[in-house]
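Below is one structure; the comments refer to it alone.
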Amino acid sequence: MYLTLIFTIVPSILIAFYIIFSDRFREPVLPVIYAFLLGFLIIIPAGLLNTILIFSNENPANFSFIAGFTEEPLKFILLYLFLRKQNEFNEPIDAIVYATLLSLGFATLENFEYVYLSDLEISSLLIAFIRAFTAIPLHACCGVVMGYYLGLYIFQGPKILLLKSICLPILIHSFYNYLCDVSLLVSLFYLVIIFLFAKSLLKKLKALQIKKDIEKEV
């Protein structure tokens, strides 16, 4: 039981700490907690939409790709309407921090639903273990990608960046879900590619911080 709980919660916490400490000018504790908890709110509308569009079908697995079109826009809305207005949101990498924490908040609560409330014919521990290395990292990577392009849009301006901020996470998430229904091995290979891509985006914004003496953008 305790091992199941560990695999359900700890992966999100570890990734969250990695993202938080990747920021040279670390965000205050309260906004960090606020971003994580804000992700909990997504579970209700996402659950309703996924129930109608995915789980109401005879073979839900064939429609799992739709989750990217329901969950990622909801994350973007909360990120853009609420977290973007935080006083501490004052440089591009902050968008990655808040977007990823928001995504991890949602992924953690979603994990509880799959591990403890689903009627899948495998053990709760196995579900938690599998999702610790698949769904949780995927949500985190989508948060990094969303935050990267939104951060550049806010502080540098080209509107195409705003479009990438919402569209790329949708496509990444949807294609991953589609691959999961086709081949587990291929989906894992794809996830590694997405992880490396997200890591490269984070590295780019970390490099920009090295040249700065203060956090706030000029």
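The values are calculated or read from the model by the stated rules, or taken from the named source; none is laboratory data. Small disclaimer: the values here were computed from a predicted structure and weren't measured. So basically every Cβ, Gly included, is an ideal-geometry build from the backbone, and we count neighbours across all protein chains shown. Only protein heavy atoms, including side chains, enter the accessible area calculation; ligands, DNA and RNA are left aside. Shrake-Rupley method; radii C 1.70, N 1.55, O 1.52, S 1.80 Å.
The packing ranking of peptides 177-183, 71-77, highest mean first, is 71-77, 177-183, where packing means the average number of other beta carbon atoms within 10 angstrom of each residue. Per residue, the chain exposes 53 Å² of solvent-accessible protein surface, assessed with a 1.4 angstrom probe and all protein chains in place.
Prolate is the label for the range 77-117, because a/c, from the alpha-carbon gyration tensor with a ≥ b ≥ c as root eigenvalues, is 1.5 or above and a/b exceeds b/c. Accessible area of the range 1-160 with a 1.4 Å probe: how many percent of it is carbon plus sulfur? Looking at the range 1-160 in its full context, I get 71 percent from C and S.
If I take R0 = 25 Å and measure r between the Cβ atoms of Ser118 and Ile13 in this structure, what FRET efficiency does the formula 1/(1 + (r/R0)^6) give, to the nearest 0.05? Could you put the intermediate results ahead of the total?
Values: r = 22 Å, r/R0 = 0.87.
According to the calculation, E is roughly 0.70.
Per-residue packing, averaged as other Cβ atoms within 10 Å, sorts the ranges 184-194, 102-112 into the order 102-112, 184-194, beginning with the highest. Farthest toward the positive end of the dipole of the chain, out of Tyr34, Asn111, Ser165, is the Cα of Ser165, where the dipole comes from beta carbon charges about the Cα centre. Annotation: peptides 141-147, 48-54, 32-38, 113-119, ranked by per-residue average of other Cβ atoms within 10 Å with the highest first, follow the order 141-147, 32-38, 48-54, 113-119. Given their separation in residues at 0.36 nm each and the Cα-Cα distance between them, Phe175 and Lys159 gain 3.3 nm when the chain is fully extended.
In summary, the helical segments of the chain meeting the span-like criteria, namely a full DSSP H run, a Cα extent along the axis of 24 angstrom or more and a mean Kyte-Doolittle hydropathy of at least -1.0, are 2-22, 92-112, 135-156, 159-182, 184-210.
The length gained on full extension between Leu53 and Lys204, counted as 0.36 nm times the residue separation minus their Cα-Cα distance, comes to 50.7 nm.
Prolate is the label for the range 128-218, because a/c, from the alpha-carbon gyration tensor with a ≥ b ≥ c as root eigenvalues, is 1.5 or above and a/b exceeds b/c.
In percent, rounded to a whole number, the relative contact order of the range 16-134 is 37, using alpha-carbon pairs under 8 Å and six or more apart. Projected label points at Val192 and Lys211, each 7 Å from Cα along the beta carbon direction, are separated by 3.4 nanometres. Note on Ile77 and Ile44: the model spin-label points, each 7 Å out from Cα along the C-beta direction, lie 1.2 nm apart. With unit charges on the beta carbon (Lys/Arg positive, Asp/Glu negative), name the residue among Ser22, Phe189, Met1 whose Cα is farthest towards the positive pole of the charge dipole of the chain. Highest projection toward the positive end goes to Ser22.
For the range 1-159, just say rounded, prolate or oblate: build the C-alpha gyration tensor, square-root its eigenvalues into a ≥ b ≥ c, call rounded for a/c under 1.5, and beyond that prolate if a/b exceeds b/c, oblate if not. It is oblate, given that a/c is not under 1.5 and a/b is not larger than b/c. The lysines whose alpha-carbon is closer than 16 Å to the alpha-carbon of Lys85, local same-chain residues fewer than 8 away aside, are Lys75, Lys216.
About its Cα centre, the chain has a charge dipole of approximately 860 debye under the convention of +1 per Lys or Arg Cβ and -1 per Asp or Glu Cβ, with nothing else charged.
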